[in-house]
Structure formats: C-alpha cells, structure tokens
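The values are calculated or read from the model by the stated rules, or taken from the named source; none is laboratory data. Everything numeric here is computed off the predicted structure, so don't read it as measured data. Quick reminder, even Gly has a Cβ in these numbers, built from the backbone with ideal geometry, and neighbours come from all protein chains shown.
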Amino acid sequence: MTLNVESLRFAYKENTVLHDVSFSTGDAGITAVLGPNGSGKTTLLRCINRILKPQGGRVLLDDKPVDKLTGKEIAKSIAYVAQKTYSGNISVFDAILLGRIPHISANVSDNDMAVTNDVIERLDMVSLSLRMLNELSGGELQKVSIARALVQQTSLILLDEPTAALDLKNQIDILKLLGEITEKNQIKVLLSIHDLNTAFRYADQFIFLKNGKVVGFSDRWGITAGMIENVYNVSVDLRWFDDIPVITPAN
C-alpha cells in the first residue's frame with residue numbers, strides 16, 4: 001500500500017496550518033512525522049483519514065482518492081490512534097474488539113475473537129482484558145487504543161504521539177511490534193512523535209514539518225545536524241551508533 005499526499009492545504013478559519021504538503025511513502029514500514037509543536041503534525045494525520053476536510057490537495061491510497069471512499073471503506077483501509085484517549089464503562093477486551101466493527105457483517109465471528117485475543121497477547125495485556133477502561137492509567141488506555149487499531153487490520157495505521165503516555169518498556173514493545181507488523185503484513189504506519197532518537201531508531205522514513213510545510217523527507221542516512229537545527233531552531237550534535245543517528249544538544 002502506497003500513500004501519496006499531494007499539495008494538501010488546511011486552515012482553521014484564518015489560520016492556515018498546512019501549506020501545500022506533498023510526500024509519497026513506500027509500500028510498507030514506519031514513517032515518522034517530526035516537527036515542533038504547532039507545525040501541523042496532528043492536522044496532517046486527521047486530513048489523511050478525512051477526520052478533517054482539507055481545503056485543497058488530495059490523499060491517495062494505492063492511487064485511490066480517499067475522499068472518494070465511503071466511511072466504511074476508509075475504516076477498512078485506515079486506522080487512527082489519537083493523542084487523547086477516553087475511558088468509559090466498558091471492558092478492555094470489548095474496547096479492543098470494537099476495532100473489528102468495519103469487518104463485522106452481522107455477528108462477531110470466531111476470527112474476530114481470534115484476532116482480538118492475538119493482539120491482546122502480543123501486547124501483554126491479558127491481565128488487563130477484563131478490567132474496565134475507567135480503572136486504567138493513561139498509559140494503559142493508550143495501549144488499548146493502539147490494540148484497537150491493530151485489530152482493525154488496515155493497510156495504513158496513523159498514530160498521533162502513540163508513545164507519549166507510555167513508560168520506556170512499553171514504548172519499546174509498541175514500536176518493535178509495529179515494526180514486526182509492517183514487515184510481516186506489508187502495511188504502512190505513519191506516526192507523529194517528539195522523541196527524535198526514538199524515531200531514528202525505529203522508523204524507516206522521516207517527514208520534517210515546520211510552520212505547516214515539508215522542509216525535509218529522508219531515510220535515516222539523510223539525517224543531518226543542520227536539518228535538525230533548521231526545523232527546531234536549536235544547535236545539536238549528531239553522532240552515529242550502530243548505524244543509527246543520535247542527537248544531543250550542543251553545549
């Protein structure tokens with residue numbers, strides 16, 4: 001599945017957030033959307049799956065315009081995990097099972113149950129499965145949201161700062177699992193993230209946004225200190241460790 005974004009423009013009233021954003025990703029792997037606060041990362045993700053309707057440009061999945069798809073077709077193609085998670089009077093298992101809704105025609109099937117149980121096991125959430133959402137911590141709720149996106153079994157997963165509420169172990173587990181799934185199932189993950197060193201370790205491609213514009217697009221070998229300094233307006237040192245760039249503040 002290839003994702004093509006062409007000249008995407010979006011504004012909240014008089015405030016233009018995205019200025020002719022264009023990029024094309026590969027068939028699979030993880031692409032990290034990087035940039036300072038207010039650069040348009042969240043708005044970009046919401047425009048891609050039509051939560052927000054852009055004022056210009058288009059989004060293509062395998063050359064199919066997303067704006068021509070029905071809501072159910074979008075739900076079968078794109079999963080989305082927002083920054084904020086919401087609790088409620090529902091069990092963890094049932095909340096994750098809701099991700100299967102686009103695939104359920106009448107009743108929940110044995111396959112729906114199997115897919116849900118498999119994701120719960122892979123995310124080490126068996127002990128949480130019967131607990132209620134309103135009993136969970138912020139990090140646990142975030143894992144539920146990610147699990148629900150995974151059981152949706154789409155060709156594209158959008159995640160808005162998925163590791164922000166997670167401890168170090170859970171960050172590593174989630175990003176490793178996303179990497180395994182993209183490779184095994186040939187799907188695409190597009191995620192926004194603030195931790196540059198974590199992004200450089202686990203992502204395959206990087207989109208740099210600044211003031212709503214794409215100012216850089218590369219794999220990890222194209223990362224330079226000058227690029228980081230231009231995007232974030234800070235001086236940094238870049239060193240390489242096991243073929244992975246590592247950024248530290250200069251001075």
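Taking the criterion of being within 17 Å of Val215 (Cβ to Cβ), without any contact (Cβ under 8 Å) to a residue 40 or more places away in the chain and not in a loop (DSSP other than H, G, I, E, B), the residues of the range 225-237 that qualify are Ala225, Gly226, Met227, Ile228, Glu229, Asn230, Val236.
Just so you know, in the range 96-106 the residues that are assigned to a loop (DSSP other than H, G, I, E, B) and not hydroxyl-bearing (Ser, Thr, Tyr) include one that is surrounded by the most Cβ atoms within 10 Å (Cβ to Cβ), and it is Ile104.
Name the helices (runs of 4 or more DSSP H) wholly inside the range 107-222 in which the number of residues that are exposed (fewer than 15 other Cβ atoms within 10 Å of the Cβ), more than 15 Å from the chain's Cα centre (by Cα) and among the small types (Gly, Ala, Ser) is 1 or more. Steps first, answer last, please.
Numbers: elements: 110-122, 138-151, 168-185, 196-202.
Output list reads 110-122, 138-151.
Would you point out the residue of the range 128-151, among those that are of a type in the set (Ser, Thr, Tyr) and in contact with a strand residue (DSSP E or B) (Cβ under 8 Å, 6 or more places away or on another chain), that is nearest to Ile174 (Cα to Cα)? Give the steps one after another, and end with the answer.
To start, the set of residues in the range 128-151 that are of a type in the set (Ser, Thr, Tyr) comprises 129, 137, 145.
From what's left, in contact with a strand residue (DSSP E or B) (Cβ under 8 Å, 6 or more places away or on another chain): 129, 145.
Values: Ser129: 17, Ser145: 12 Å.
Ranking the candidates gives Ser145 first.
Scanning the range 213-224 turns up at least one residue that is at pLDDT 95 or above, among the β-branched types (Val, Ile, Thr) and under 25 Å from Phe10 (Cβ atoms).
Within the range 41-58, the set of residues being crowded, with 17+ Cβ neighbours inside 10 Å and closer than 19 Å to Val189 by Cβ comprises Lys41, Thr42, Thr43, Leu44, Leu45, Arg46, Cys47, Ile48, Asn49. When Ile96 is tested against (1) of a type in the set (Val, Ile, Thr); (2) touching a Lys or Arg at 6+ places or on another chain (Cβ under 6 Å); (3) more than 17 Å from Leu158 (Cα to Cα), only condition (3) is not met.
Any residue at all in the range 231-242 that's surrounded by 15 or more Cβ atoms within 10 Å (Cβ to Cβ), more than 20 Å from Ile30 (Cα to Cα) and not aliphatic (A, V, I, L, M)? Full working, then the answer.
Let us first name the residues in the range 231-242 that are surrounded by 15 or more Cβ atoms within 10 Å (Cβ to Cβ), namely 231-232, 236, 238.
Adding the requirement that they be more than 20 Å from Ile30 (Cα to Cα) leaves 231-232, 236, 238.
Narrowing further to those that are not aliphatic (A, V, I, L, M): 232.
Within the range 231-242 (the criterion being surrounded by 15 or more Cβ atoms within 10 Å (Cβ to Cβ), more than 20 Å from Ile30 (Cα to Cα) and not aliphatic (A, V, I, L, M)), the answer is yes, since at least one residue qualifies.
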